[in-house]
Amino acid sequence: MQLRLDALDGHLRKSLAPLYVITSDEHLLALEAADLIRRAARAHGYSERDVLTVERSFKWGELLAANQARSLFGDKKLIELRIPTGKPGKDGGAALQNYAKDLNPDNVTIITLPKLDWATQKAAWVSALQQASVYVDIAPVERALLPNWIGARLAAQGQLADRPSLDFIADRVEGNLLAAHQEILKLGLLHEPGKLSYEQVQDAVLNVARYDVFKLSEAMLAGDPARLVRMLEGLRGEGEALPLVLWAIAEEIRTLLKLKTGLAQGRPLGVLLKEFRIWGPRERMIEPALRRISLPVLELAMRQASQVDRMIKGLGVKAYAGDAWDAMLQLALKVARG
C-alpha cells in the first residue's frame, strides 16, 4: 500500500502493519517517519529491536535469522533494515523478495532506502516490497515549497512569521533540511509563541544552506538571477569543482538548444520532451523557459560555455574580466535572463 507521509500518523493510530518501507533522500523526514513507526511499535508491545545495515560485508542470512529468531523474553520484535545505497544486489534482491513473502506475525520490519532511481523502481524486489508493505515514498522539499514547510513547522510550535521572514529562512537553509529543522527549533527556544518579527528571524537564523550543483539548472530555468548568484557563491565557498559546475550548466543549455531547434523545425514539444526524457518538475519549468530564451541567446551561450571551459583549463581566454567563476556567473545569468 502506497502511503503519503502526511497520512502515516493517522494510519498508525488505527493499525500497525508487519512491514514498512521508507524511501527518501530527505534524511530528516525519513528519520521522523521511522520514529513514528517505532513509537507505534513500542505502544503495541514490540519492545525488542534489531538494527541491520547493508554494507559490503553484510550477509543476507542475518535478515532471515533476525526474522526467525524468537525473543529470549517472548517479546515482539522490531527489525530495522537500512540499505544506504539503495542497491541490495542480486542476492539481496532475492532475499528481500523471499522476506516479503514470509513475514513473521511476531515482528514489525522497517526498511529504509534512499530515493530510488527510475531503473531500480522497476526491479522485482521493489515490486515485492510495494505489494507486501506500507510503502512511504517521501519527496524532497523543493525550494518553492520550503517557505510553506517552514511555516507549518513554526505553527506546530505555536509561532508564525510573515512571507518575507519565511523566504529569508528558506534562502539560508535551502538544501539542508536538518539545518532548517534546527533553526526552527532555535526560534522556539529563543522566542515565545506568537508572531515573529523579521528582525527576530534575521538575528537568529544562520546561513547554513547547502547547494546542489544539479539544482543550478532549476534556478536558471526559472529565470531567478538572485537565487542563481546565491547558489554559485555558495558552491564556490564550499569548494565545488568548477568543471562539474560548468558541465551542469552546459548540459542544460545544450538540452534547451536541442529543444528550441526542434520546435523551430515544427516538432511538437511533447514529443521532444519524451525523446530527451524530461518529466516531472523539470518538465513544468522547461516550457516557460523556452518561451523566454531565444535561439540566438542559446547559441551564444554554448559558445561562451566553450570559452569558460578554456579558461578553466588555463588556455588564456580573455573574453571575461575576472576569473572563471565570474565567467560562469555571467554565462548562467545570460540564460536566466533570456
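The values are calculated or read from the model by the stated rules, or taken from the named source; none is laboratory data. Source: prediction; values computed, not measured. Positions of Cβ are backbone-derived with ideal geometry, glycine not excepted, and every protein chain shown enters the neighbour counts. Note: accessible area is taken over every heavy atom of the protein model, side chains too, but ligands, DNA and RNA are not part of it. Shrake-Rupley method; radii C 1.70, N 1.55, O 1.52, S 1.80 Å.
Key figures for this structure:
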| quantity | calculated |
| --- | --- |
| For the range 1-96: rounded, prolate or oblate by the Cα gyration tensor [a/c cutoff 1.5] | oblate |
| Expected 222 nm ellipticity per residue - DSSP helices of 4 or more, -39500 (n - 2.57), all of the chain, to 500 | -17500 deg cm²/dmol |
| Amide proton proximity set for residue 111, modelled H, under 5 Å, gap of 5+ | 20, 21, 22, 81 |
| Gaussian network model of the chain, Cα within-10 Å springs - most flexible of 244, 187, 256 | 244 |
| Most fluctuating residue given options 192, 233, 218, as computed from a GNM of the chain linking Cα atoms under 10 Å | 192 |
| With all protein chains modelled, accessible area of residue 299 [1.4 Å, Å²] | 80 Å² |
| Centre separation in Å (Cα based) which lies between the range 271-298 and the range 103-173 | 27 Å |
| Surrounding net charge for residue 166, when Lys and Arg each add one and Asp and Glu each subtract one, Cβ distance under 14 Å | 0 |
| For the range 196-239 and the range 9-48, distance of Cα centres in Å | 33 Å |
| Range of Cα positions in the range 120-208 per principal axis (Å), largest first | 53, 22, 18 |
| Among beta bridges that DSSP assigns inside the chain, antiparallel share in %, nearest 5 | 0 percent |
| Placed amide H near residue 78: partners under 5 Å, 5+ positions off or other chain | 48, 49, 50, 108 |
| Choice from 58, 168, 214 with maximal GNM fluctuation in the chain (Cα, 10 Å cutoff) | 58 |
| P(r) tail fraction, the range 27-67 - alpha-carbon pairs more than 17 Å apart, % | 49 percent |
| Charge context of residue 3, other residues only, Cβ under 15 angstrom, K/R +1, D/E -1 | -1 |
| Tensor-based shape of the range 214-338 (alpha-carbon gyration tensor, a/c under 1.5 rounded, otherwise prolate or oblate) | prolate |
| Computed FRET value (nearest 0.05) for residue 103 with residue 27, which takes r as the C-beta separation and R₀ as 35 Å | 0.85 |
| Aspartates and glutamates whose Cα lies under 14 Å from that of residue 77, excluding same-chain neighbours fewer than 8 positions away | 48, 50, 106 |
| Longest exposed-site-free window of the chain, the sites being trypsin sites (Lys or Arg not before Pro) in a DSSP loop that have at most 15 other C-beta atoms within 10 Å | 123-209 |
| Summed side-chain charge close to residue 12 - residues other than residue 12 whose Cβ falls under 12 Å, Lys, Arg +1, Asp, Glu -1 | +3 |
| Relative intensity, log₁₀ I(q)/I(0), of the chain from a Debye sum that treats every alpha carbon as a point, q = 0.06, 0.16 Å⁻¹ | -0.30, -1.27 |
| Under 16 Å from residue 274, Cα to Cα: lysines that are on another chain or at least 8 residues apart | 258, 260 |
| Shape call, the range 203-248: gyration tensor on alpha carbons, a/c limit 1.5 | oblate |
| Percent of Cα pairs exceeding the 21 Å cut-off, where the set is the range 134-276 | 54 percent |
| Segment residue 182-residue 15, length gained on full extension (0.36 nm per residue, minus Cα span) | 57.0 nm |
| Where GluC sites (Glu not before Pro) fall in DSSP loop in the range 41-132, at most 15 other Cβ within 10 Å | 55 |
